Structures are given as C-alpha cells and as structure tokens.
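Chemist: Can you read through this structure? Questions will come right after.
Read-outs: derived from the displayed coordinates by stated rules, not from any lab. Since the structure is predicted, the reported quantities are computational estimates derived from the model, not experimental observations.
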Amino acid sequence: MVQTGAANDESPLSPVVIRVDEVNAMTQGAVRTLIDIDLQTFSEPTFSHYTAAAFLQSGHVYTLTVDSGVIGTCVFMRCWARPGDANLLSMGILPGFRGQGLGQRFLLEVLDHLRERALMGVTLMVADDNRRARKVYADAGFTETGVRYEDPRTNEGFIQLRVQLTEPLLAALPTL
C-alpha cells in the first residue's frame, strides 16, 4: 500500500491509501471493470468482452484501488519471442486520478510483482505523441528499443519501449 494525496482534493494533507492487486478470477465484474477503464482511457475501445475475459483468464491483470473502488488497470501477456518477458498491453487510470503520480507508483509496484515472478523484462508500444505516458514509462526505467510501428488506418506512430527487471523498482522512487 502507498499513501498519496487525495484525488480531486486540493488539500495535500488528505491521505488516500492505494492498493495494487492481481486479479485471479474471470468474473463479469472484472470484465466490466477492464472495459470501463479502457473506455475512459483511450480514444477508441481496446477491449471487447471476449478479449477482456481472455486477458483475465490467460494474462496477468492488476488493479489500482482506492477507497472509492478500482481506478486503474494494467494488462500483461507473456511474450512468445522472449518467454522471460511480458508485454504490457494496456494501462489506464481514470481521468480524475491522473497527474498525481499514481500511474508511476502503480506501474512500479506491478513491475516489482512481475520481477518477483522471475520475469526478465517488459515491453510495450506507446503512441509517439503521448508525452504523459512516455514520461511515466521513462521514469519507471523504460527505454526505446528502436522498433516502430505506424497504424495504417490513422498514420499514428508508435514506439516500443522495454525495461529490464533486475532489481526492485518501487524502492527507487522517492516517498511522498
């Protein structure tokens, strides 16, 4: 658990306890949570009910929770090309909770969970122009791999980032 300032509260003295959990069951509630956060995070839907259920059953899904409920999700799948790695497929934080360092803390704690499972690294694709997400990933130790992708429908460019999981990452983050 990590304490931080309260979401949507101007007073930095109001602590909010956050919790990161791995979701271990494929339930309708978990599927709905993945889809709801996805719809509020991205410009177009990423998940269908089928893909959300498949990620819950075969991947690693983590949630970020505060007193009011789940405010974020991270979805991972193992990498076929590098079996010791995982791919971060999606990370989302509800809009009212962004800009407070919660995304970075969430990501670092999740990466520590993956490192404890003996994974060697994590890769992801992020939009070239998504400066906020790129900063979160860079601050967590991700670096560019040189792999790029362009979406033929939108001409949007994406870059691949990777982090090597060799030591606890959350410990390197200064306390609030």
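Chemist: Using only the alpha carbon atoms of the chain, find the Kirkwood hydrodynamic radius as the inverse mean reciprocal pair distance, in angstroms to one decimal. Numbers along the way, then the final one.
Modeler: Details: mean 1/r = 0.0597 Å⁻¹.
Radius from the Kirkwood sum: 16.8 Å.
Chemist: Compute a Gaussian network model of the chain, connecting alpha carbons closer than 10 Å, and tell me which residue from 20, 122, 66 fluctuates the most.
Modeler: Taking springs between Cα atoms under 10 Å, the residue moving most is 66.
Chemist: Now for a different question. If contacts are Cα pairs under 8 angstrom and at least 6 residues apart, what is the relative contact order of the chain in percent? Don't skip to the end; give the middle numbers.
Modeler: Values: 298 pairs, mean separation 29.7, N = 176.
The normalised contact order for the chain reaches 17 percent.
Chemist: Separate question: Just to be sure I understand: with springs between alpha-carbon atoms less than 10 Å apart, which residue in 154, 46, 145 has the highest mean-square fluctuation in the Gaussian network model of the chain?
Modeler: 154
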